[in-house]
């Protein structure tokens, strides 16, 4: 399977660029002495709340590039599910940062797009896919803002009770 994915990426330069961006975001660096890899997404996620929103915006840009490569609405919904999990858990201080190192939503989504290409189905209407993406992205962004506000409110309420 790994060899098939590499050959599909090498035959399409645009997929190679997407794979490189996903690698930068999710597994560019390695913790010395271990096989644990992380990327810029985990680093910027260390900045509470703001880091998660910046990571989500970069992931949204990656999703837009995937729409340009022919990702259909159902695939976009599955991809957005990965970002929803990543962003939701990412709002939890410390636990979210550790989770981000292991989950790698960007890498998962690029792999799903490559597998989608391997099926060689007719690409869907790009305008419809883009509308679905924008709707889902805005819905996710609002959800993350509300969840983040709620977590911060709970945290500060807990701190102030001491």
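Each value in this text was obtained by applying a stated rule to the coordinates, not by laboratory testing. Just so it is clear, the model here is predicted, and its values are computed rather than measured. Virtual Cβ from ideal backbone geometry, glycine too; neighbours counted across all protein chains shown.
Take the alpha carbon gyration tensor of the range 9-104, find the square roots of its eigenvalues, order them as a ≥ b ≥ c, and report rounded if a/c is under 1.5; if not, report prolate when a/b exceeds b/c, else oblate. Walk me through the numbers on the way to the answer.
Values: a/c = 2.20, a/b = 1.33, b/c = 1.65.
It comes out oblate by the Cα gyration axes.
Compute the long axis of helix 2-11 from its Cα atoms, compare it with the longest principal axis of the Cα atoms of the chain, and write down the angle in degrees, 0 to 90, nearest 10.
In the chain, helix 2-11 runs at an angle near 70 degrees to the longest axis.
Given a Förster distance of 41 angstrom, what is the FRET efficiency for residue 160 paired with residue 34, based on the Cβ-Cβ distance and rounded to 0.05?
Numbers: r = 38 Å, r/R0 = 0.94.
For residue 160 and residue 34, the calculated efficiency is 0.60.
Put a dot 7 Å past each Cα toward the Cβ at residue 78 and residue 127; how far apart are the dots in nm?
Using points 7 Å along Cα→Cβ, the separation is 2.7 nm.
If you fit an axis through the alpha-carbon atoms of helix 50-68 and take the longest principal axis of the Cα set of the chain, what angle between them do you get, 0 to 90°, nearest 10?
10
Where does each of 34, 91 land when they are ranked from fewest to most other beta-carbon atoms within 10 angstrom?
On the way: 34 7, 91 21.
The most exposed by this proxy come first: 34, 91.
Based on the Cβ-Cβ distance from residue 92 to residue 68, what FRET efficiency comes out when R0 is 41 Å, to the nearest 0.05? Walk me through the numbers before you get to the answer.
On the way: r = 33 Å, r/R0 = 0.80.
After rounding to 0.05, the efficiency reads 0.80.
Treat the count of other C-beta atoms within 10 Å as a stand-in for reagent exposure and order 154, 79, 112 from fewest to most. Present the calculation step by step, with values, prior to reporting the outcome.
Details: 154 10, 79 26, 112 17.
Fewest-to-most ranking of 154, 79, 112: 154, 112, 79.
Where the centroid of each part is defined by its Cα atoms, how far is the range 126-142 from the range 11-45 in Å?
25
Under Stokes-Einstein, with the Kirkwood radius over Cα pairs standing in for Rh, what whole-number D in µm²/s applies to the chain at 25 °C and 0.890 mPa s? Let's see the in-between values first.
Values: Rh = 16.6 Å.
Roughly 148 µm²/s, to the nearest whole number.
Have a look at 73, 13, 93 and tell me which one the Gaussian network model of the chain (Cα, springs below 10 Å) gives the largest fluctuation.
Greatest mean-square fluctuation among the candidates belongs to 13.
Pop the C-beta distance of residue 24 and residue 146 into the FRET formula with R0 = 25 Å and round what comes out to the nearest 0.05. Intermediate results must be reported in sequence, preceding the final value.
Working: r = 29 Å, r/R0 = 1.16.
Using R0 = 25 Å, I get an efficiency of 0.30.
In what order do 104, 153 fall by count of nearby beta-carbon atoms within 10 Å, going from fewest to most? Kindly include the intermediate steps, with their values, before the conclusion.
On the way: 104 23, 153 10.
Ranking 104, 153 by Cβ neighbours within 10 Å, fewest first, gives 153, 104.
Test of understanding: what is the full-extension gain from residue 139 to residue 61, defined as 0.36 nm times their sequence separation minus their Cα-Cα distance?
On the way: separation 78, 0.36 × 78 = 28.08 nm, distance 1.55 nm.
Roughly 26.5 nm would be gained on extension.
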